[in-house]
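Single-structure report; data block below.
The values are calculated or read from the model by the stated rules, or taken from the named source; none is laboratory data. The structure displayed is predicted, hence computed values, not measured ones. Glycine gets a Cβ as well: all are built from the backbone with ideal geometry, and neighbour counts include every protein chain shown.
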Amino acid sequence: MPITIEPIGIVRSSRSEVVDDDWDRESAHVELDARFGPDALAGLETFSHVEIVFHMHRVNVAKIESGARHPRNNPDWPAVGIFAQRGKNRPNQLGVTVCRVVRLDGTRLHVEGLDAVDGTCVVDIKPWVRDFGPRGEVRQPAWMDELMRGYWGRSYSP
């Protein structure tokens with residue numbers, strides 16, 4: 001059954017090219033659509049983090065994956081299903097990132113750690129609530145640790 005989602009805002013970022021890694025070097029904010037006023041963001045500054053749900057509109061639909069592949073086409077990593085990785089070439093082209101709230105400025109939400117390029121449509125913003133985070137042990141495969149080493153652009157140790 002098809003669904004229709006209206007963007008609630010747009011990403012304004014210092015990065016315009018779709019490339020992986022070093023995302024923490026970028027500055028970004030979400031600018032709400034004109035149908036929303038500043039009151040739509042009221043209270044969000046009391047949270048340290050938000051989840052940004054966005055549509056990766058620059059993905060070439062011919063490259064969308066529905067099966068397994070090597071993440072980043074690296075043959076040293078196992079072929080895993082598209083739903084066992086966070087690659088951009090996924091059905092529905094949705095991305096979700098937890099970002100640090102920097103400040104509110106009217107209908108602009110300034111964040112750190114948003115891995116979306118300038119012009120990306122935002123479909124939702126949710127406060128990060130500790131109690132919705134993982135419960136119990138968290139694990140991930142070694143190939144994901146390797147992949148993430150330069151993603152944010154800071155030293156990473158699993």
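Descriptive notes on the structure:
- Filter pass, Thr120 being among the hydroxyl-bearing types (Ser, Thr, Tyr) and more than 14 Å from the chain's Cα centre (by Cα): no
- Residue ID - modelled with the highest pLDDT, chosen from residues in the range 11-21 that are assigned to a strand (DSSP E or B) and either loosely packed, with under 10 Cβ neighbours inside 10 Å or under 13 Å from the mean Cα position of the chain (by Cα) (or both): Val11
- Ala34 vs. criteria within 17 Å of Ile10 (Cβ to Cβ), modelled with pLDDT of 95 or more and more than 19 Å from the chain's Cα centre (by Cα): yes
- Being among the acidic types (Asp, Glu), over 13 Å from the mean Cα position of the chain (by Cα), within 16 Å of Val122 (Cα to Cα) and outside any loop (DSSP other than H, G, I, E, B) is a description that does not apply to Glu51.
- Residues of the range 87-107 that turn out to be in contact (Cβ under 8 Å) with a residue 40 or more places away in the chain and crowded, with 16+ Cβ neighbours inside 10 Å, as a count: 7
- Residues located in the range 65-79, provided they are surrounded by 15 or more Cβ atoms within 10 Å (Cβ to Cβ), more than 19 Å from Tyr151 (Cα to Cα) and not acidic (Asp, Glu): Arg69
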